[in-house]
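Undergrad: Let me give you the structure first, and then I'll get to my questions.
The values are calculated or read from the model by the stated rules, or taken from the named source; none is laboratory data. Worth saying up front: this structure is predicted, and the values here are computed from it rather than measured. Every residue, glycine as well, gets a Cβ built from its backbone with ideal geometry; the counts of neighbours run over all protein chains shown. When the accessible area is computed, the model is the full protein with side chains, heavy atoms only, and any ligands, DNA or RNA have been set aside. Shrake-Rupley method; radii C 1.70, N 1.55, O 1.52, S 1.80 Å.
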Amino acid sequence: MNIQLHLKFGIALFMLFSLNNFAQAPNLGTSADFALFTSVGAVTNTGTSHLTGHVGSNSGSSTGFGNVDGVMHDGDGASAQSSADLTLAYNQLNSAIPNYFIAPLLGNGQQLTAGIYSLPSVSSLNLDLTLDAQNNPNAVFIFQIQGAFSTTAFSEVKLINGAQACNVFWKIEGMVNMATGTIMKGTVVANNSAIVLSTGVNLEGRALSTSGAISVNGILSVKPIGCASPVLNGPIAPDLNSAICYTIFSSNGSVSNAGTTLVTGDIGTNVGLATGFDALNVTGTVHPIPDTSTSAAAADLLVAYNYINTIPFDIELLYPAQFGNDLVLTPHTYLLNAATSFTGNLYLNGQNNPDAVFVIQINGALSTSTYSKVFLVNGTQAKNVYWKVDGAVLINDYSEFKGTIICNNGAIDLTSGVQLNGRAMTTNGALSTASITAIMTPGCATMGLNIYDQVAQVAKFYPNPFKSYFNVVLNEYFDLSITKLMVYDVFGRQVKTIDLSSLETQVEVSDFASGFYYYKIVSSDKIIQSGSLIAE
């Protein structure tokens, strides 16, 4: 008898353990590719929303969106397939057998472990709800809400101990209304109801409806990664061959500089003259007149341009005049099919893949605002970023630009205070610089050591931005006997010179006005590091 009781008890425990730990994620099919989707209804946006994922309706229209890191699909084959896949996913979520029955008020510091949760009526989220995967990255959380669902302003779903947004699902039998500033995790599937995401909502997941309008206003929505979702590698990068050793180059046109410009890499032109560059400020070779090196670089640059120009694009950014403005891009080939104005900030998100490649094809000229910035996040490397521009390029004052610019039949103008981590190259056109800092990305090995790596390891500066002082910390293996730091203002005037006689030196600069400054570290009459500083 005791053996039978123990056996029954063990089976019951196993079944309970299974229920608590083996909720199954639904198969979203192609609907997983969408950030916002409804099978029936309009999808509308007001304000500036940043979306990673497709947007669309199978029976309706999508309106009011700016540049989206995805494809707009309204009433096409992709939307039809997504609608069918979403129905199947909804049925899976709806038929899952719950193992928890909880009250309809979520949050207020509540903490839940993996499982299938049934909520019997209209429900809401207030303050914080924490989902704890208990160190199981495959833990699945499913919420079956038998009514409408709303959130209070600035409420938040938090994930801990390995929980992933890709494993969180909300099946809702009614309208979804997320208030201002809500931070939401997981895929939301509303059945026969509308979805409203208010200003400042941050959704790591998806908002999908089987039938109902979707409206958003100035939100951030990013498809979750992980859970066997495909890793984005982007396209195969072009091979620059011999052109890789140039930071500033024109195949046909003058190359000129005004002011104090600091360059790591070669400078030259294959037709015309390269003038105005101080060899002491160049870690590399200035080719003042065409030679065998510039000839080879011109030929290789044309091959690279032809290759990058023919890569099929994945995503067309539909509003070239609105480029930047805090847009977030992931590893793809992007097309902007007109002259492009870059204002503010652009974020290139490698999704933790350091080998991910970004190609941005611009069929027209490119111009930036002053102080525009390209930010590389989550593993993105400047060496893997390429800009193809069919027209003139203007990188405006104090912009921070990342990647290799390959311009075709257009002039390039890098103006005062620009910081370029990459290359500026044109197949045909003049190239001018004025008091900039340009450091090529890795790849050139003709100088024996990769000069980028060599330069990057000499010194560190902190704090930067600074107020009344900054510190310079030198590599412990560096020769201290012959090293100087020189600091310049944006007009190229030398405003500070100091001997670096110890591994760490504090530099007093309380008399510096707020703004940008540029420095170079010189040893044995050679520049071994250059860069920028910011005074607050």
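Undergrad: Go over the candidates 421, 409, 428 one by one and state the one that is outside any loop (DSSP other than H, G, I, E, B) and modelled with pLDDT of 95 or more.
TA: Working: 409 fails: outside any loop (DSSP other than H, G, I, E, B); 428 fails: outside any loop (DSSP other than H, G, I, E, B).
Matching residue, one of 421, 409, 428: 421.
Undergrad: Considering only residues that are in contact with an Asp or Glu (Cβ under 7 Å, 6 or more places away or on another chain) and open to solvent by less than 50 Å² (accessible area, probe 1.4 Å), which ones fall in region 129-146? Walk me through it before giving the result.
TA: Taking region 129-146 first, the residues in contact with an Asp or Glu (Cβ under 7 Å, 6 or more places away or on another chain) are 145-146.
Hit for region 129-146 is 145, nothing else.
Undergrad: What's the total number of residues in region 19-67 that are assigned to a loop (DSSP other than H, G, I, E, B), among the hydroxyl-bearing types (Ser, Thr, Tyr) and modelled with pLDDT of 95 or more? Please lay out each step first, then the result.
TA: Filtering region 19-67 for residues assigned to a loop (DSSP other than H, G, I, E, B) gives 22-28, 39-42, 47-49, 53, 58-61, 64-67.
Still in the list and also among the hydroxyl-bearing types (Ser, Thr, Tyr): 39, 48-49, 59, 61.
Still in the list and also modelled with pLDDT of 95 or more: 39, 49, 59, 61.
Here the count works out to 4.
Undergrad: On the given criteria, is residue 302 under 25 Å from residue 437 (Cβ atoms), touching a Ser or Thr at 6+ places or on another chain (Cβ under 9 Å) and of a type in the set (A, V, I, L, M)? Explain how you work it out, then say what you get.
TA: Details: under 25 Å from residue 437 (Cβ atoms): no; touching a Ser or Thr at 6+ places or on another chain (Cβ under 9 Å): yes; of a type in the set (A, V, I, L, M): yes.
Criteria not met by residue 302.
Undergrad: Residue by residue through region 377-393, note down the ones that are surrounded by fewer than 19 Cβ atoms within 10 Å (Cβ to Cβ) and within 21 Å of residue 531 (Cα to Cα).
TA: 377
Undergrad: In region 201-241, what residues are crowded, with 21+ Cβ neighbours inside 10 Å and part of a strand (DSSP E or B)?
TA: 203, 204, 205, 206, 207, 208, 209, 214, 216, 221, 222
Undergrad: Also: Can you tell me which residue in region 487-536 is least open to solvent (accessible area, probe 1.4 Å), limited to those that are more than 22 Å from residue 401 (Cα to Cα) and among the charged types (D, E, K, R)?
TA: This residue is 496.
Undergrad: Still on this structure: Report the residue count in region 75-102 for those that are of a type in the set (D, E, K, R) and in contact (Cβ under 8 Å) with a residue 24 or more places away in the chain. Before you say what the answer is, go through the steps one by one.
TA: In the first step, residues of region 75-102 are kept if they are of a type in the set (D, E, K, R); the result is 76, 85.
Restricting the remaining residues to those that are in contact (Cβ under 8 Å) with a residue 24 or more places away in the chain gives 85.
Here the count works out to 1.
Undergrad: If the Cβ limit is 9 Å and pairs must be 6+ apart or interchain, which residue in region 409-434 that is free of Cβ contacts under 8 Å to residues at least 40 places away in the same chain and open to solvent by 10 Å² or more (accessible area, probe 1.4 Å) pairs with which residue that is assigned to a strand (DSSP E or B) and among the small types (Gly, Ala, Ser)?
TA: Taking only residues 6 or more apart or on different chains, the pairs are 413/432; 413/434; 415/432; 415/434; 421/403; 421/438.
Undergrad: For region 285-294, which residues satisfy the criterion of being of a type in the set (Ser, Thr, Tyr) and open to solvent by 60 Å² or more (accessible area, probe 1.4 Å)? It would help to see each step written out before you state the result.
TA: If we filter region 285-294 for residues that are of a type in the set (Ser, Thr, Tyr), which is where we start, we get 285, 292-294.
285, 292 - these are the residues of region 285-294 that are of a type in the set (Ser, Thr, Tyr) and open to solvent by 60 Å² or more (accessible area, probe 1.4 Å).
Undergrad: Report whether or not residue 112 is buried (at least 19 other Cβ atoms within 10 Å of the Cβ) and either outside any loop (DSSP other than H, G, I, E, B) or out of contact with any Pro (no Cβ under 6 Å at 6 or more places or on another chain) (or both). Walk me through it before giving the result.
TA: Working: buried (at least 19 other Cβ atoms within 10 Å of the Cβ): no; either outside any loop (DSSP other than H, G, I, E, B) or out of contact with any Pro (no Cβ under 6 Å at 6 or more places or on another chain) (or both): yes.
In short, no.
This table checks each residue for (1) charged (D, E, K, R); (2) touching a Phe, Trp or Tyr at 6+ places or on another chain (Cβ under 7 Å).
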position: 162; (1), (2): no, no
position: 173; (1), (2): yes, no
position: 179; (1), (2): no, no
position: 184; (1), (2): no, no
position: 189; (1), (2): no, yes
position: 193; (1), (2): no, no
position: 196; (1), (2): no, no
position: 202; (1), (2): no, no
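Undergrad: Tally time: how many residues in region 254-270 are open to solvent by 10 Å² or more (accessible area, probe 1.4 Å) and in contact with a strand residue (DSSP E or B) (Cβ under 6 Å, 6 or more places away or on another chain)? Steps first, answer last, please.
TA: Step one: of region 254-270, the residues open to solvent by 10 Å² or more (accessible area, probe 1.4 Å) are 254, 256-260, 266, 270.
Pick out the ones that are also in contact with a strand residue (DSSP E or B) (Cβ under 6 Å, 6 or more places away or on another chain) and you get 256-260, 266.
Total satisfying the criteria: 6.
Undergrad: In region 503-536, what residues are modelled with pLDDT of 85 or more and of a type in the set (Ser, Thr, Tyr)?
TA: 505, 510 - these are the residues of region 503-536 that are modelled with pLDDT of 85 or more and of a type in the set (Ser, Thr, Tyr).
Undergrad: Looking at (1) on the phi > 0 side of the Ramachandran plot; (2) in contact with a strand residue (DSSP E or B) (Cβ under 6 Å, 6 or more places away or on another chain), which is the one condition that is false for residue 351?
TA: All conditions are met except number (2).
Undergrad: Looking at 125, 129, 106, 86, which is the one that is outside any strand (DSSP E or B) and touching a strand residue (DSSP E or B) at 6+ places or on another chain (Cβ under 6 Å)?
TA: Values: 125 fails: outside any strand (DSSP E or B); 129 fails: outside any strand (DSSP E or B); 106 fails: outside any strand (DSSP E or B).
One residue alone meets the criteria, 86.
Undergrad: Here is a check on your reading of the model: is residue 103 more than 30 Å from residue 58 (Cα to Cα) and not charged (D, E, K, R)? If you could, list the steps in order and put the result at the bottom.
TA: Working: more than 30 Å from residue 58 (Cα to Cα): yes; not charged (D, E, K, R): yes.
Against the criterion (more than 30 Å from residue 58 (Cα to Cα) and not charged (D, E, K, R)), residue 103 qualifies.
Undergrad: Filter region 150-162 down to residues that are open to solvent by less than 20 Å² (accessible area, probe 1.4 Å) and touching an Asp or Glu at 6+ places or on another chain (Cβ under 9 Å) and give me whichever is farthest from residue 203 (Cα to Cα). Talk me through it step by step, then tell me what you get.
TA: Step one: of region 150-162, the residues open to solvent by less than 20 Å² (accessible area, probe 1.4 Å) are 151, 155, 157.
Next, from what is left, pick out any that are touching an Asp or Glu at 6+ places or on another chain (Cβ under 9 Å): 155, 157.
On the way: 155: 12, 157: 10 Å.
So the residue we want is 155.
Undergrad: Continuing with this model, one more query. Looking only at region 136-152, decide whether some residue is under 30 Å from residue 324 (Cα atoms) and touching a helix residue (DSSP H, G or I) at 6+ places or on another chain (Cβ under 9 Å).
TA: First pass over region 136-152, keeping only residues under 30 Å from residue 324 (Cα atoms): none.
Looking for residues that are under 30 Å from residue 324 (Cα atoms) and touching a helix residue (DSSP H, G or I) at 6+ places or on another chain (Cβ under 9 Å), one finds none in region 136-152, hence no.
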